Structure formats: structure tokens, C-alpha cells
Ligand SMILES: [Fe+2]
């Protein structure tokens, strides 16, 4: 990939003509009078306890949790989480959960003490809009007539999807632009991460994968010119390689997987339509569901990105992949969380922003088999309600027995009610139910130091207690979920419902 092409990906010449087309019938925020979405949501907060999860944050937070039980030494350190938090500004409420400016949470975990700080990421966009007192730019699922044309993808960067530590630095991750650098202790925003000069503002997705040797892999999608950028980063945070490949009719891709030899992408048939975008649809609404394409499967050789193999699965939608691994015969297995269609993205995660909820999408765990010799792929579905899949991180790219995930969608409100461990060989699930009054967020696996990869460890995650209006951090023995948490830390306030995070040992 030539330098000028990276510049084209990142620069104004590529994006201004595209993004300046934003226009819709959405209301313009020119005063602090609540718009119709803000009013509808405020009404819902009066009657629907779940709406608390999507209340807009307005300031940074700091507090001390009340702890019951004792957190094991293995989880002493910091749990970082990220999620959309600032949903309203100047009376304008965003129309999609994924639009909100990101807020990083830091739980400092000791044995019987847990402190918390939460800070809004001071992206360029957040700072410009805060100073103006109103939204200036369109977002993923919200457009409005007087939105400014962005200079680059980072003009729209809300840094709201995940957060990870890399070589002493904390990175707030989004998928449409740069990672944002944060101070790991204070959460002060330090600016965008530039991996190489010609990669400034090039998309860097929110689900990087780390090999057991510390090598980090990631990708970024540029819908503007059907391009996927691949990144290989050393364990000290140094960029080893980056290049771009062209993918005709490129899809919205949120996550991927690695094996010891390959990068594996599942492309749902949700394809960007430039004409719709030019006619004024939001970025989200410029995507078209094209099931005739199937779920395309792309396998790329880690050592030679020109060696690529394509196959397909039945059409379906996904956000998240659990893990992938391959055997000596070159058969790749990959687990992902599947819904039949993209309604969760177009309806559920949009309606909740105005206080409406119909029903949750039906999720399955899909187990895929890709035979690289024959070029064929097949899958079987486990009828287990699931999202936010995690594994023992030491097994990334290698055979895993257990998938840890949220489970049990609740009737009458969004979100999950249980945390679960599913044995991917037997299909058996163990779980702990937080109950109908709690929304379960991502729980991640923390190994017991010195234990073998795959051995039992700890599960660490948060939940939002809708009745008490507080966020709670829980720790479980990973092989005894049904016994309930060994320790819990309850904050004196509720956090905006978040997406993903990572743990850093203290
Ligand atoms: Fe995600």
C-alpha cells in the first residue's frame, strides 16, 4: 500500500465529499430545549426502570465502593471499561446507543477495597461540541441538517467501545477512527494514537486480538473505498506492519479472530451504499441488508497478507467472535454470536434511546468449521442466549473449552440477566442469574497466576441494579458460577451501561 493511499483513507479529500452529504429530517439542536427524543426518553424514565441504563452522563465521577466478601489476589489491579455515556447535549438526544461520547471507568481493586473513577474521553469532537454547547457533527446513527462536514474520521470519533492497556499506555477504542491515548491512573486524555505518520486517523477497530507471545493484531474498515487496513503490533506497542486490502462490497465488521496461522473475518451481508449516504441517510442507515451475499468468510495468512481464502456461511449478523483455532489438517474452528438479521442494530439499539422497547433479538452461539483444504465452511448453532463472549486470554488462537458470556435476555426490557460459562464441547452451560432487576454487562476471565492456560480462574464483571440505581462489580470463581460471587463492590451511583473492557494486574 502506497503512502498516498493511506493519506486518501484518512484525509479530507476522501471524507469531506462523503460526510458533507449528511442531511435528514432529524431536528436541529440550536437551543437547549429538549428535542422530541429527549422528551420521550425523559417520560420513559418516569415509568421504565431500565431507562436508567441509557441516562446521559454529564460529568466525571469518583467514588468508593462498599465491598462484601474479599476479592482474590488474582484480580487485584484495575478493571477498565468503556461505553457510550454522553447521549444528550444542548437538548439534542442521539438516536442510537452507539452514538454517545465514551466514558472510561477504572475500578481499582484491592482485597476489601474498591475505588472508582469515570472520565469522559476528551476527544476533539467532545471538546468542540462541549465548547459550542451543542452537537456539531453527525454520529453513527444520528444525522441532522446543519451538521459540519468532518475533516477526517476522527472528527466523528467518540472513543466509546472498548479500552485496553498496551505497554504502559491505555487506549480508548472506537472502530471508525483512531484509538485515544489515556493516562492509566488519572484517565486524562492525551490525544490520538498515531501508529505511523501516514496512518493518522485511519480506523483502528475496538476488538484487537493478542497472541500468547504478545503480538497484537487489529483491522480497520474504510467504507469510503471498500478497504480494510490490517495492523500487526509488537508486544512493546511498536507497529510491525500495516497494509490495506481492497474488499468489494465491504461489510460492517466489528470483530474478528486469530489462529496461530491466520486472521479470520466473518462479514455479515450489511453493505455500505454510497448512494444512500449521498442522499442524506445516516451512516448506519446507509447500510443495506443483502442476504444473497451470505456471511462471507475471509481467511488471511498472518505471514503473507496476499494469501487470502474466501468462503461463505448462510446469511446472518454478528457483532462478536469468541475465539478461533485450527488443527494440524488446517481446519479452522471459530465461535461467534449470531442473530438471523441486523434488527438489533437498526431497531433495538435505536428505540431504547427514546425509551421504547419491543423485544430482544434471539442470539445463538454459532460454532463454525472452515476446511481450508476444500474451501468449505459449515456451522452448527447452540440455542444458548449469549452476548459479550470472552475466553481465557492465554488461549487466544488456540483450542478453548469454555466461553464466558452474558445470557438470559429479560422479558419487557433490554439487556441480559445472567452471566454464564458454556462448555463448547458438551454444550452445557453453568450460570448465575442476577435477576430481572439487574442488567448484566460484560464479564471477563482473569487467570489465577501460575495456572495452566485453560485452568479455572476468576470472572470479573459489572451489572446495573435498576431498582437500587447502583452499579456493582462482582467476582466469581470461573468454575463455580452458580455459587454466586465471592466478592462484590457496590458503587454509590449508577454508571451508564457500557460495552467492553480489560483487566490489568496490579
Ligand atoms: Fe464489541
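Show the residue pairs that are 6+ apart or on different chains and have beta-carbon atoms under 9 Å apart, the first residue being within region 139-161 and at positive phi and in contact (Cβ under 8 Å) with a residue 12 or more places away in the chain, the second being surrounded by 24 or more Cβ atoms within 10 Å (Cβ to Cβ) and part of a loop (DSSP other than H, G, I, E, B).
159/121; 159/123; 159/174; 159/177; 159/178; 159/179
Specify which of the listed residues (419, 368) is surrounded by 20 or more Cβ atoms within 10 Å (Cβ to Cβ) and either within 27 Å of residue 488 (Cβ to Cβ) or within 16 Å of the ligand (Cβ to nearest atom) (or both).
419
Consider region 218-231. How many of its residues are in contact with a strand residue (DSSP E or B) (Cβ under 8 Å, 6 or more places away or on another chain) and more than 16 Å from the ligand (Cβ to nearest atom)?
Of the residues in that region, 9 qualify.
Suppose we filter region 457-496 for residues that are surrounded by fewer than 23 Cβ atoms within 10 Å (Cβ to Cβ) and within 16 Å of the ligand (Cβ to nearest atom); how many remain?
Within region 457-496, residues that are surrounded by fewer than 23 Cβ atoms within 10 Å (Cβ to Cβ) and within 16 Å of the ligand (Cβ to nearest atom) number 0.
Restricting the search to region 31-52, which residues are under 22 Å from residue 135 (Cα atoms) and assigned to a helix (DSSP H, G or I)?
Of everything in region 31-52, those that are under 22 Å from residue 135 (Cα atoms) and assigned to a helix (DSSP H, G or I) turn out to be 36, 37, 38, 39, 40, 41, 42.
Here are 194, 121, 158, 163: which of them is buried (at least 19 other Cβ atoms within 10 Å of the Cβ), away from the ligand (no atom under 16 Å from the Cβ) and modelled with pLDDT of 95 or more?
121
For region 255-284, name all the residues that are surrounded by fewer than 21 Cβ atoms within 10 Å (Cβ to Cβ) and assigned to a helix (DSSP H, G or I).
Result: 274, 275, 276, 278.
I need every pair where a residue in region 481-500 that is at pLDDT 95 or above has its Cβ under 7 Å from the Cβ of a residue that is within 16 Å of the ligand (Cβ to nearest atom) and outside any strand (DSSP E or B), sequence separation at least 6 or different chains.
499/161; 500/161; 500/206
Would you be able to tell me the number of residues in region 318-356 that are outside any loop (DSSP other than H, G, I, E, B), within 25 Å of residue 94 (Cβ to Cβ) and within 16 Å of the ligand (Cβ to nearest atom)?
Count: 9.
Name every residue in region 269-282 that is at pLDDT 95 or above and under 18 Å from residue 245 (Cα atoms), in order of residue number.
The one that is at pLDDT 95 or above and under 18 Å from residue 245 (Cα atoms): 271.
Anything in region 238-250 that is surrounded by 16 or more Cβ atoms within 10 Å (Cβ to Cβ) and more than 18 Å from residue 293 (Cα to Cα)? List them, or say none.
Within region 238-250, 242, 244, 245 meet the criteria.
For residues in region 166-175 being within 16 Å of the ligand (Cβ to nearest atom) and in contact (Cβ under 8 Å) with a residue 60 or more places away in the chain, which is farthest from residue 126 (Cα to Cα)?
The residue in question is 175.
Residue-by-condition table, conditions (1) under 28 Å from the mean Cα position of the chain (by Cα); (2) buried (at least 18 other Cβ atoms within 10 Å of the Cβ); (3) modelled with pLDDT under 95:
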{"position": "15", "(1), (2), (3)": "yes, yes, yes"}
{"position": "18", "(1), (2), (3)": "yes, yes, yes"}
{"position": "31", "(1), (2), (3)": "no, no, yes"}
{"position": "45", "(1), (2), (3)": "yes, no, no"}
{"position": "54", "(1), (2), (3)": "yes, yes, no"}
{"position": "60", "(1), (2), (3)": "yes, no, no"}
{"position": "63", "(1), (2), (3)": "yes, no, no"}
{"position": "66", "(1), (2), (3)": "no, no, no"}
{"position": "70", "(1), (2), (3)": "no, no, no"}
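Please work out if residue 203 is within 23 Å of residue 268 (Cα to Cα) and either within 16 Å of the ligand (Cβ to nearest atom) or surrounded by fewer than 18 Cβ atoms within 10 Å (Cβ to Cβ) (or both).
yes
The values are calculated or read from the model by the stated rules, or taken from the named source; none is laboratory data. Just so it is clear, the model here is predicted, and its values are computed rather than measured. Note: ideal-geometry Cβ built from the backbone for every residue, glycine included; neighbour counts use all protein chains shown.
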